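The structure appears below as structure tokens.
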Amino acid sequence: MYRCLPHKTSVLLKILKFMPDKTLSKTYSSTDVECNNCGYIDQGVYCSNCGGHLKKQRISMSHLLSSIVDFFSNFEDKYVHTFVSLTTRPINFISHYLHGVRDKYYIPFKYFFLNLSINFFIYTYFNISTINENGFETEASQLLQLKSEAVFDAIINNYGSFFSLMIIPLYVLATSVLFRKSTHNMAERATAITFLFGHLMILQAVLNLISAVFNPFYELQKYLVMGGEIAIIFMLSLRFFKASIMDSIWKSIIIAVFVFMSMQYILVGTQTILQLYYGE
């Protein structure tokens, strides 16, 4: 078979024929380490396959502290970027986020839940939930003796932050019906609504701080938050769903009424359950 080839070439082929194929049987040196994350065999400090650490080290205090510093540095960068963008150019930010610009920003539900937690912490730390119209605190035992309307108000005061979670699917449902011709799918609608209402939680937290210092402000706070919700709906209708001004006005009113009435039924149902449980 090698006769038709030049002498040197045929000799080289004969040598290669009897050489072991090193590509088929991979050998490992003493410096090779198996990656704990993906199982790839590699050398060095980091795995070339997944980027994880190759060295097997116990968690030390320095490692723990560096992890904490890294967490707060990343938290600060992403949170600040998200907060500033939603404050200065909310619709443009949401549009860019939906088109893939996401690495330096919080994901919508994480941003919503974080701000909700901050708001709830302020709400409970300053005992805003137990301050009545006269500025006095009510004992937990007295809550059971309140009339029906007072129990209804107590539900809103104590669990209003958690009921905020129910607003998201209600708004998504309403916009899906009234803006069904929009090119945005349900997930994109949920993303926009979650970002904006998560941002509204910051306003509500600031208003709760003011209410803790100046109690009569609490009644005004309810209307300010409601006005913020209507402003969000109108902005979404006009700029996100590209509706006309008139369509944005009447559709915003319908959505606000639908969500308000739905929340009333949910709260009344919760009130009834609590009354049956505790006994009025």
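Just a few scattered comments:
- The local environment of Phe179, defined by Cβ-Cβ distances under 14 Å, has a net charge of +4 under the rule Lys, Arg +1 and Asp, Glu -1.
- Using θ = phi - 60° and Karplus 6.51 cos²θ - 1.76 cosθ + 1.60, couplings along region 200-213 (whole Hz; Gly, Pro as x): 5, 4, 5, 4, 5, 5, 5, 5, 5, 4, 5, 5, 5, 8
- Among the listed pairs Lys181/Lys251; Lys222/Lys242; Lys78/Lys110, those whose Cα-Cα separation exceeds 19 Å are Lys222/Lys242.
- Amide H contacts under 5 Å for Tyr40: Cys35, restricted to partners 5 or more places along the chain or on a different chain, H placed in the peptide plane at 1.01 Å from N.
Only the coordinates and a few stated rules stand behind these numbers; no lab work does. From a predicted model like this one, the values you see are computed outputs, not experimental measurements. With ideal geometry, Cβ positions are generated from the backbone for all residues, glycine too; neighbour counts draw on all protein chains shown.
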